[in-house]
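Worksheet: the structure to be examined is printed underneath.
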Amino acid sequence: MVLRVMSISGIDIDRAIKTFQILKPDGTYDQELEPKLTSNELKHLYKTMLTVRILDKKMLILQRQGRIGFYITSEGEEAAYVGSAYALGPDDWIFPAYREPGAALIRGATLKELIAQVYGNAADVNKGRQMPNHWGFKRINYVTPGSPVGTQIPMATGFAIAAKLRNDKRVVLTYFGDGASSTSEFHTGMNFAGVFKAPVVFLCRNNQYAISLPVSRQTASITIAIKAIAYGFQGIRIDGNDILASYAITKEAIEKARKGEGPTLIEAVTYRLGAHSTSDDPTKYRTHEEVETMRRYDPLKRFRIYLESKGIWSEDDENETAKKIEDEINIIINEMEQTPPPDPRTLFEDVYAEMPWNLKEQMELLLDELKEKEKEIQEVK
């Protein structure tokens, strides 16, 4: 006789193993689990997903034309981060990775700010100091990610512990991919979050590949969500292509954290339809047939069918909205290509409240050198 343990210290093991779903791939849904969102909210979520899908296509074309240097698409993963970000309160914080532009849009970033950052020009709020896709916006509590995988995880935990010590009710949501769950940063962040019952929600976008390495080569664990149990808190596995599940479960985890009941690890099972980045060739490590099979589970398609079934979306809405988004992006791109690079003086700013003499001296030397270079260029012309 085999006895199966269903829970440990109040942690439901089944939730870390079985995949939670509300919206099925064919657009049908579980009415009892359907979150109470208004028609306008549902359309807002879909428009955000559609905006990111169109933005990704545009940026990919620009990179191939040599007009921007680098880009990371998120095709196929929009539901996981748009739905979860929408569950946050206005004062909560996000510690993202670099594949969640829709989370920034949901929080209030603008398309112009996203595109300016990719160009790294004078309109970029980060003054061209980061790689493309490394968005950060202080005014919406959206922290700039680092390029090394998983480094945001212990930072998010540390921020959450500090908030708890200050009796601050803000909650932290941090995003990372399945590859990050193999790093020491993941385990450090999870360990301290469990020890201190930190108000943090870990959302792992399990998109099946850490660049070229399949998830089966990263972990022998039955799921990623179940790893939370070793650290003393709940892990929940969800269908990451189901935006309703993403929203509902993240909202539950955020409310739990705000009540002082500790962290949650959410594993959103999804699929990266595109390459890891514009520097990657996925045909080297996966088949065309695999990708086409996974397109059947496209989160935009199923959410659109759901909206149409409720009578709040149509083909005309789709075409009109898509054209409007494309036109807006094209106007911004034209503007960004006319925008100069950041002022060289900004290289020396934002470190000290008052610039010390040695930095001032270095800045003047650089500006003099640039003037000389400009003279040489003009003489050649």
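The values are calculated or read from the model by the stated rules, or taken from the named source; none is laboratory data. Nothing here was measured: the structure is a model prediction, and the numbers come from that model. Glycine also receives a Cβ, built like all others from the backbone with ideal geometry; neighbour counts cover every protein chain displayed. Remember, those area values only see protein heavy atoms, side chains included, never the ligands or the DNA or RNA. Shrake-Rupley method; radii C 1.70, N 1.55, O 1.52, S 1.80 Å.
Listing for the model above:
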item	result
Links that overshoot a 28 Å alpha carbon limit, given the list 138/256; 24/112; 24/227; 127/169; 47/251	24/112; 127/169
Label zone at residue 6, where the point sits 7 Å out along the Cα-to-Cβ direction: region 245-288 residues whose backbone N lies under 11 Å	none
Förster radius 41 Å - calculated FRET efficiency between residue 230 and residue 61, Cβ distance, rounded to 0.05	0.40
Those lysines that a straight Cα-Cα span of less than 17 Å connects to residue 375, excepting residues fewer than 8 apart in one chain	none
Solvent-accessible area of residue 305 with every protein chain in place, 1.4 Å probe, in Å² to the nearest 10	70
Candidate aspartates and glutamates - alpha carbon under 15 Å from residue 371, same-chain residues fewer than 8 apart omitted	343, 379
Region 262-346 - charge dipole about Cα centre, Lys and Arg +1 at Cβ, Asp and Glu -1, debye rounded to 20	440
Most to least packed among 248-254, 312-318 [average Cβ atoms within 10 Å]	248-254, 312-318
Accessible area of the chain belonging to carbon and sulfur atoms, whole % at 1.4 Å probe	53
R0 of 22 Å, Cβ-Cβ distance residue 365-residue 129: FRET efficiency to nearest 0.05	0.60
Per residue, the convex hull volume that the Cα atoms of the chain enclose (Å³)	174
FRET efficiency, 1/(1 + (r/R0)^6) with R0 41 Å, evaluated for residue 255 and residue 343 via beta carbons	0.35
Probe 1.4 Å, protein heavy atoms only - accessible area per residue of region 39-121 in square angstrom	29
Radius of gyration, Dmax [region 170-292; alpha carbons; angstrom]	15.1, 47
Surface accessible to a 1.4 Å probe, per residue, for the residues of region 261-338, Å²	53
